[in-house]
Amino acid sequence: MSSDHGDVHGPSDPSNRNNGGAGDAEAGHTDPEAIARLERQGGSKLKRKMIQRFLGNTPGKLAESRAALEANDDVLFRRSMHKLRSTTLLLGALRMSTLCIEGEMMARDKQHDEGREVLDGLDLEFQRIRPWFEGLLEDPSA
Amino acid sequence: MSRHTIAVVEDNEDNRLLLRALLDDTYDIQEYGSGPGALEGLASFVPALILLDISLPGMDGVEVLGIIREDPRLKALPVIALTAHAMIGDRERLLEAGFDEYVPKPIVDETILLSAIERLIAGSQAKPDSSGA
């Protein structure tokens, strides 16, 4: 999947990294160690549940964040970025986590245009890493 | 032998899921998604220990702790701070605020959390004026 979307990346460097291949973890984007840690801490059941929740809930969470931003609700936008940051850290969605931190800062500084760029970046990044997480669920050993 | 109850105050459901998975083999868990909700629950039930997220919406963890420490029933209750902020000085700041321990998120080494819980509950149970489940 091409990652040449520099015009819609967040305020920090555009993540124009080449995809390592469908199903492969990408350095800087996904962290297999986080998934292994979830499995160690709560078994494959917890791992699967967390991945399913992440895949199922993230689009709605991003939509809520965007709605908050468009309503100029900086408190709610910042809160939504903080919560998503926490979840993405758990799942090892590294680039998303970094973007969420940027989103929190944009909310703090009331930088709405930059906040929209962050959300655009989060949307793209989620679509980028989604196949990898879906692949983890398809793994019969998971 | 009865199990101790731990109150988990954390607004992120994914974090609560993880904490429950880490703890429910050994402890009973009472979950709260907000500071006011936790304070309301603590009015009728005192756990053996509280895991308290710092970055709660509205009333943050430090404010919740302040209210807890003002309550004679709860002031000796062990409270562990959970926070994604891991800057230098954060631990000292939180301990000065009245937390008994501090565990950074994400929880990379769960043995740190588990041993802190065990140590703090044992310590509070040993005190003559301890309050706990």
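The values are calculated or read from the model by the stated rules, or taken from the named source; none is laboratory data. All figures in this text were calculated on a predicted structure; none of them were measured in a lab. So basically every Cβ, Gly included, is an ideal-geometry build from the backbone, and we count neighbours across all protein chains shown. Protein only, heavy atoms only, side chains kept; ligands, DNA and RNA dropped before computing areas. Shrake-Rupley method; radii C 1.70, N 1.55, O 1.52, S 1.80 Å.
Points to keep in mind about this one:
- Put simply, the amide H of B:Val8, placed in the peptide plane, has neighbours under 5 Å in B:Gln30, B:Glu31, B:Tyr32, B:Leu51, leaving out anything fewer than 5 places away on its chain.
- Segment B:Leu95-B:Glu40, extension gain: residue separation times 0.36 nm, minus the distance between their alpha carbons: 17.4 nm
- For the range B:1-81, the solvent-accessible area with a 1.4 angstrom probe is 40 square angstrom per residue.
- Nearest-0.05 FRET efficiency for B:Ala126 and A:Asn57, computed from C-beta distance (R0 35 Å): 0.25
- Simple spin-label estimate for B:Asp60 and A:Glu33 in nanometres, 7 Å along Cα-Cβ: 2.8
- From phi via Karplus (6.51, -1.76, 1.60), per-residue ³J(HN,Hα) for the range A:104-118 in Hz, x at Gly/Pro: 4, 5, 5, 5, 4, 8, 6, 9, 6, 5, 5, x, 5, 5, 4
- Inter-site label distance for B:Arg73 and B:Ser2 at 7 Å from Cα along Cβ, in nm: 1.5
- Compactness ratio for chain B: Cα radius of gyration over 2.2 N^0.38 Å (N = residue count) comes to 0.95.
- Size of the B/A contact, given as accessible area buried on both chains, probe 1.4 Å, in Å²: 1600
- Over chain B: helical MRE at 222 nm, DSSP H runs n ≥ 4 each giving -39500 (n - 2.57), nearest 500: -12000 deg cm²/dmol
- Measuring heavy-atom accessible area with a 1.4 angstrom probe and counting protein chains only, the residues of the range B:1-42 that give up at least 10 Å² relative to the chain alone are B:Asp11, B:Asn12, B:Glu13, B:Asp14, B:Asn15, B:Leu17, B:Leu18, B:Ala21, B:Leu22.
- Spatially, the range A:33-85 and the range B:61-86 are offset by 26 Å when compared through their Cα centroids.
- Carbon-plus-sulfur accessible fraction, the protein assembly as shown (probe radius 1.4 Å, protein heavy atoms only): 52%.
- Remark: the B:Val108-B:Thr26 segment gains 27.6 nm on full extension, using 0.36 nm per residue and subtracting the alpha carbon distance.
- Our summary of shape: the Cα atoms of the protein assembly as shown have principal axis extents of 65, 45, 31 Å, ordered from largest down, in whole angstrom.
- Entries of A:Lys45/B:Lys75; A:Lys45/A:Lys83; A:Lys45/B:Lys105; A:Lys47/B:Lys75; A:Lys49/A:Lys110 with Cα pairs more than 30 Å apart: A:Lys45/B:Lys75; A:Lys47/B:Lys75; A:Lys49/A:Lys110
- Over all orientations, the range B:14-89 has a Cα convex hull whose mean projected area works out to 5.6 square nanometres.
- Cα-based shape type of the range A:64-142, given that a ≥ b ≥ c are square roots of the gyration tensor eigenvalues and the cut on a/c is 1.5: prolate
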